[in-house]
Amino acid sequence: MVLSGWESVFFWVFALTALVAGLLTVMAQNAVHSAMFLISTLVSVAALYVLLGAEFIAGVQILVYVGGVMVLFLFVIMLVNVSAEEHGREELFNSPAQVTTAVVFAALLVFGLFYAINKSAPQFAQAASATGAQERAASLRPGETGVSKISEDTQKIGGSLFRYGGLPFEIASVLLLVAIVGSVLLARTGKQELSSDNTDAEGEYVSTVETDAGGDVAGT
Amino acid sequence: MNSLITPAFILLQGSSTLDNMKQSLQHPDLSKFLIIGALLFAIGVAGVLVRRNIIVIFMSIELILNAANLNFIAFSRYLQDTGNVNAVAGQVFTVFVIVVAAAEAAIGLGLVIALYRNKETIFADKIDLLKW
């Protein structure tokens, strides 16, 4: 999979944008600025997904990550950070020794990864120039403009999920349900927690079952 | 060490390796995507370790997850080009990673709100009740 021409130009533009915005996310002073830079990073990464032929995942990333998760981040920043601004500028980073250690380890990680990638890079280039790429390009339908090809990835993802990934799909749904219930529970105020208990003002248990005069449950 | 010494060697050795490097820069293939993913991952890790604000730590975790997603999708496209049957598995797994990231962000930010209500702070080093 070798990009060339305008695609390689777009690759470098979006890749450098993602890296610079990621760096600024970590280094910004204001938390809202960090959130904005993270949105730029996520959109650049979505553009890289489109270059790789995964348009469905790019759409999901913009809708879910940028439109859901980052909006949630911004809400919580507004709720939580505003009073921090009133106290004046707090320190951003940990102590210099911690920062130095973290940067050294991150640099070691980067060098290790670069070494591994460079070592296997000739093998990627050689395998990518195999006939598979030409077969794939020949077998896809062209789009309406006649220039790009419609990659059938959305159909393939759907087919794969529903044929082979049915159980993980359902587990992911249950995970989302648990996350919803959990986050509602975690964000309750003290008054809401007290009012949802079945106790009266003295702390005695109050039954919520309605009984009629004979002591039976009402309606039976 | 290969990655550190190579640029110096290229400048010393003459034009053929320089042409190779120019070629690989003008026609990026899988390895360039992996390098971008690796750099994003390292930036995310540095962000988690360095910042004090809990919400910025969460945002660095999202950077890490995005780097992993980029790796998955780059390899999915590479496997499609080399004719592997299970090539779309990378994109399927990316969907699951996005789902888990959304769930984790929801719960993590709920925790941050609950923490702020009790301790009035969002800085990671001020939350030290369990410290010895």
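In table form, for the structure just shown:
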{"quantity": "Number of the exception - B:L65 against (1) facing chain A (nearest Cβ under 7 Å); (2) closer than 25 Å to A:V45 by Cα", "calculated": "(1)"}
{"quantity": "Considering residues of the stretch B:108-123 that are buried (at least 17 other Cβ atoms within 10 Å of the Cβ) and of a type in the set (A, V, I, L, M, F, W, C) only, the residue nearest to A:Y65 (Cα to Cα)", "calculated": "B:L109"}
{"quantity": "Tally, over the stretch A:58-84, of residues that are facing chain B (nearest Cβ under 7 Å), among the β-branched types (V, I, T) and without any contact (Cβ under 8 Å) to a residue 12 or more places away in the chain", "calculated": "5"}
{"quantity": "Only one of B:L70, B:L49, B:L30, B:L39 that is closer than 20 Å to A:L51 by Cβ, at the interface with chain A (Cβ under 7 Å from one of its Cβ atoms) and surrounded by fewer than 23 Cβ atoms within 10 Å (Cβ to Cβ)", "calculated": "B:L39"}
{"quantity": "Residue match in the stretch B:3-26 (condition: closer than 23 Å to A:G112 by Cβ and at pLDDT 80 or above)", "calculated": "no"}
{"quantity": "Residue list for the stretch A:7-24, restricted to those being more than 7 Å from chain B (Cβ to nearest Cβ) and surrounded by 18 or more Cβ atoms within 10 Å (Cβ to Cβ)", "calculated": "A:F14, A:A21"}
{"quantity": "Condition check for A:V184: in a helix (DSSP H, G or I), within 10 Å of chain B (Cβ to nearest Cβ) and at pLDDT 85 or above", "calculated": "yes"}
{"quantity": "Subset of the stretch B:101-132 (residues that are β-branched (V, I, T) and more than 7 Å from chain A (Cβ to nearest Cβ))", "calculated": "B:T121, B:I127"}
{"quantity": "Filter pass, A:S4 being of a type outside the set (F, W, Y) and within 7 Å of chain B (Cβ to nearest Cβ)", "calculated": "yes"}
{"quantity": "Among the candidates A:L16, A:L48, A:L38, residue that is outside the structural domain of A:S183 (by TED's automatic domain parsing), out of contact with any Phe, Trp or Tyr (no Cβ under 9 Å at 6 or more places or on another chain) and part of a helix (DSSP H, G or I)", "calculated": "A:L16"}
{"quantity": "Exclusive hit being touching a strand residue (DSSP E or B) at 6+ places or on another chain (Cβ under 6 Å) and not basic (K, R), set B:I57, B:I61, B:I73", "calculated": "B:I57"}
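Yes/no matrix, rows are residues, columns are (1) of a type in the set (K, R); (2) closer than 30 Å to A:L79 by Cα:
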site: B:A87; (1), (2): no, no
site: B:E104; (1), (2): no, yes
site: B:L109; (1), (2): no, yes
site: B:I113; (1), (2): no, yes
site: B:K126; (1), (2): yes, yes
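The values are calculated or read from the model by the stated rules, or taken from the named source; none is laboratory data. What you see is a predicted model, and the numbers here were worked out from it, not measured in a lab. Positions of Cβ are backbone-derived with ideal geometry, glycine not excepted, and every protein chain shown enters the neighbour counts.
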